[in-house]
Amino acid sequence: MKVTVHAIHFDADRDLVEFIQERVNKLEHFYDGIMGGEVFLRVEKSDDNQNKVAEIKYKHQEKNYSRNDNVSLLKKQ
């Protein structure tokens, strides 16, 4: 699946982009009809460690979806 990663106000390194691509590709196993998507990464101004936001917008054959989550740490499992 074609995924575009946008890092807002910072540069995402290659490892992070590859990790995101791997995770988003897993959506195809659970949902039929996903055609592509965009991932937006940003850091909000806050003092706590829950200040990172990852938003995914993906295109489905029938409609478009969006999910927005706060993430404390992205790590491979």
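Taking the criterion of being under 20 Å from Gln61 (Cα atoms) and β-branched (Val, Ile, Thr), the residues of region 11-41 that qualify are Val24, Ile34, Val39. Look at region 1-30: where a residue is acidic (Asp, Glu) and a partner is surrounded by 11 or more Cβ atoms within 10 Å (Cβ to Cβ), sitting 6+ places away or on another chain with Cβ atoms under 7 Å, you get Glu28/Met1; Glu28/Ile34. Scanning region 20-65 for residues that are among the basic types (Lys, Arg) and out of contact with any Asp or Glu (no Cβ under 6 Å at 6 or more places or on another chain) turns up Arg23, Lys26, Arg42, Lys45, Lys52, Lys59, Lys63. Evaluated against (1) surrounded by 13 or more Cβ atoms within 10 Å (Cβ to Cβ); (2) modelled with pLDDT under 85, Asn64 falls short on exactly one condition, (1).
The values are calculated or read from the model by the stated rules, or taken from the named source; none is laboratory data. Predicted model only: the values in this text are computed from it and were never measured. Virtual Cβ from ideal backbone geometry, glycine too; neighbours counted across all protein chains shown.
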